[in-house]
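Undergrad: Supplied in structure tokens, the structure appears directly below.
The values are calculated or read from the model by the stated rules, or taken from the named source; none is laboratory data. As the structure is a computational prediction, the values presented were derived from the model and not from experiment. FYI the Cβ positions are ideal-geometry reconstructions off the backbone, even for glycines, and counts take in every protein chain you see.
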Amino acid sequence: MDSSLFPSVRALNRTFVLLSALFYVANTQVYIGWEGVETPVSTKINDAITTNLYPGFYWMVGASNVILYTEDEGASWLSKPTTITSTGLDWHGVSFPKHCFDNPDYTPGAFFQICNYRTGFVVGKYGTIVKSDDLGETWELQNNFVFAGRTELQSRISTLTFHDIQAVPMEPSGLYVWVVGDQGAIFFSSDLGQTWVVQDSRISDTLHTVAMLDNTTGFTAGANGYILKTTDSGQTWTFEQSGLVGNEFNPGPTLYELSVYQNSTEGTAVVWAAGEGGTIAFLSDISRSYWSQAASCTSDKTLYTIAFRYTLQIGWAFGDSGIACKTYDGGANWGIDVQCPVRITYRGVAEYDPIMWRNAAR
């Protein structure tokens, strides 16, 4: 059977990866539940990604300089730590290009060269960014920061934690890369990580997540319910009307993840956010700025991650104590996923999109 037809989602905790798959049998989707896959580390895992260039290929990063990847959906894991020796170095975010351009002149080999699919980044504590140009075989420290506009960060950079990163392909062979972290820090690179230019978020609250729809439009979010949007590659960031922002006496919920999806049937894109107190919020049309809140499956547990399958009807939000919220109707209703058996905190989801894989590998 063609493995590109089987999408998968991985939710992470300290030592296990859970695999979920949909099998197509006689034109009927059959949900077969979650399968636990043990990793070779006992440290906390903070983030996971997959790319649509390879089925079964996943990256994970976490505490104590842990960088892992698998090429066979978790049957075996390879450790690819950096040579940085800083005590207590924890990684919080990882990004490789998730998809390439749908090039009509595609020929085998050339397509992947255009995409820079071997180049990826990892970010974490102490204002640390590392880059690999060889699929994680080696990592190089990236520390050429430009602070114009937020000079106060210059003396604090080594105390910051970067929480998330996203690399977006640029034609013909470049990448636009955004990093977000403590004190409202946003850094941007257009030269494959050679320089990192600060962008003005206009806030000093921690930013935990960044999600770009393309190389111009994207979102970032974090503490106090703040959600910011850019439509010009980050030259300006504007406040979204999330309905979640609090004040010093009654702070809003911290948002830990944003996920943005192109909705081909509606001709627009939808953005989802997850965070403290079981918060699930969404923007159904990115041309607007007013967000709605969904009825979550929990009100007392933090949700750290949220993801949808490519149809945008089935989705999950994961978090504290093994909480797993699931929707079958595009997020209108959320219930407990009782088939998710392991009751420890999940901090990342990496969803594999079979539609993109078929486009990339045609």
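Undergrad: Do we have any residue at all in the stretch 25-36 that's under 28 Å from residue 130 (Cβ atoms) and modelled with pLDDT of 50 or more? Reasoning before the result, please.
TA: Step one: of the stretch 25-36, the residues under 28 Å from residue 130 (Cβ atoms) are none.
No, every residue in the stretch 25-36 fails to be under 28 Å from residue 130 (Cβ atoms) and modelled with pLDDT of 50 or more.
Undergrad: Select from the stretch 216-233 the residues that are in a loop (DSSP other than H, G, I, E, B) and in contact with an Asp or Glu (Cβ under 9 Å, 6 or more places away or on another chain) and write down the one among them that is nearest to residue 247 (Cα to Cα).
TA: In this case the residue turns out to be 226.
Undergrad: Failed condition for residue 279, given (1) more than 25 Å from residue 348 (Cα to Cα); (2) hydroxyl-bearing (Ser, Thr, Tyr); (3) modelled with pLDDT of 95 or more; (4) under 21 Å from the mean Cα position of the chain (by Cα), with all others met?
TA: For residue 279, the exception is condition (1).
Undergrad: Which members of the stretch 282-313 meet the condition of being among the hydrophobic types (A, V, I, L, M, F, W, C) and without any contact (Cβ under 8 Å) to a residue 40 or more places away in the chain?
TA: 295, 297, listed by residue number.
Undergrad: Counting only residues that are closer than 20 Å to residue 98 by Cα, crowded, with 18+ Cβ neighbours inside 10 Å and of a type in the set (Gly, Ala, Ser), how many does the stretch 178-233 have?
TA: Matching residues across the stretch 178-233 total 5.
Undergrad: From the residues in the stretch 238-256 that are crowded, with 22+ Cβ neighbours inside 10 Å and at pLDDT 95 or above, which one is nearest to residue 175 (Cα to Cα)?
TA: Let us first name the residues in the stretch 238-256 that are crowded, with 22+ Cβ neighbours inside 10 Å, namely 240, 242, 244, 253, 255-256.
Checking the rest, the ones that are also at pLDDT 95 or above come to 240, 244, 253, 255-256.
Values: 240: 26, 244: 32, 253: 32, 255: 26, 256: 24 Å.
Here the residue is 256.
Undergrad: Mind counting the residues in the stretch 88-109 that are surrounded by fewer than 17 Cβ atoms within 10 Å (Cβ to Cβ) and either closer than 17 Å to residue 133 by Cα or modelled with pLDDT of 85 or more (or both)?
TA: 2
Undergrad: So, in the stretch 65-89, of the ones that are touching a residue at least 60 places away in the same chain (Cβ under 8 Å) and outside any strand (DSSP E or B), which residue ends up nearest to residue 50 (Cα to Cα)?
TA: 73
Undergrad: Now a separate question. Residues being buried (at least 21 other Cβ atoms within 10 Å of the Cβ) and part of a strand (DSSP E or B): count how many of those fall in the stretch 134-175.
TA: Within the stretch 134-175, residues that are buried (at least 21 other Cβ atoms within 10 Å of the Cβ) and part of a strand (DSSP E or B) number 8.
Undergrad: Looking only at the stretch 303-325, which residues are more than 17 Å from the chain's Cα centre (by Cα), part of a loop (DSSP other than H, G, I, E, B) and crowded, with 19+ Cβ neighbours inside 10 Å?
TA: Scanning the stretch 303-325 gives 314, 323.
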